[in-house]
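Have a look at the structure below, then the notes.
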Amino acid sequence: MRIIIALFLCLFASKSSFAQDTISVAPKPIIKDANYGAGGIEDLYYYVNNNFNYNNIKKEDIPVPYKKKPYFIFYVSFAISEDGKAFEFSPKEIAEENTFYKEAVRVISSARWNIATENGHYKKQFLVLPIKASLSDF
């Protein structure tokens, strides 16, 4: 009798362990972020620093709290288009009419960018770039 009960338990135990014979897992999308086309972040800052033209800046556009400081930081938000160009610019912590912002937009839009992709298809991605403007150049 003990043998029959043991066989009976083994039979039912083995059936429940093989109840699910297929596992379906949804594939994760392959996402590649947009980035600067000529290298890493250090290369991007080198490019911005070397192409930022302080002759296009008005001294009166220096924000009042920063007039006696050596630099100030502002942020530029933008998206990367399908052809690798920056567009849809918007300022953060600075006015859109400010010549520092306009010069930053000019420099960023002149750079080439690698596009963001999801499963090999273009995906619009926004980037925010902090710009450190040196005021000692005036």
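Summed over region 92-120, residues that are touching a helix residue (DSSP H, G or I) at 6+ places or on another chain (Cβ under 9 Å), of a type in the set (Gly, Ala, Ser) and free of Cβ contacts under 8 Å to residues at least 60 places away in the same chain total 3.
A quick yes/no check of all residues on (1) under 22 Å from Ser110 (Cβ atoms); (2) open to solvent by 90 Å² or more (accessible area, probe 1.4 Å); (3) in contact with a helix residue (DSSP H, G or I) (Cβ under 8 Å, 6 or more places away or on another chain):
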position: Pro29; (1), (2), (3): no, no, no
position: Asn35; (1), (2), (3): yes, no, no
position: Gly40; (1), (2), (3): yes, no, no
position: Lys68; (1), (2), (3): no, yes, no
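Screening Arg106 against (1) at pLDDT 90 or above; (2) open to solvent by less than 50 Å² (accessible area, probe 1.4 Å); (3) closer than 23 Å to Ser136 by Cα leaves a single unmet condition, (2). Residue check: Val48 meets all listed conditions (1) β-branched (Val, Ile, Thr); (2) modelled with pLDDT of 85 or more; (3) part of a helix (DSSP H, G or I); (4) open to solvent by 50 Å² or more (accessible area, probe 1.4 Å) but one, namely (4).
The values are calculated or read from the model by the stated rules, or taken from the named source; none is laboratory data. Given the structure is predicted, the values throughout are model-derived calculations rather than measurements. Positions of Cβ are backbone-derived with ideal geometry, glycine not excepted, and every protein chain shown enters the neighbour counts. Note: areas computed on protein heavy atoms with side chains; ligands, DNA, RNA excluded. Shrake-Rupley method; radii C 1.70, N 1.55, O 1.52, S 1.80 Å.
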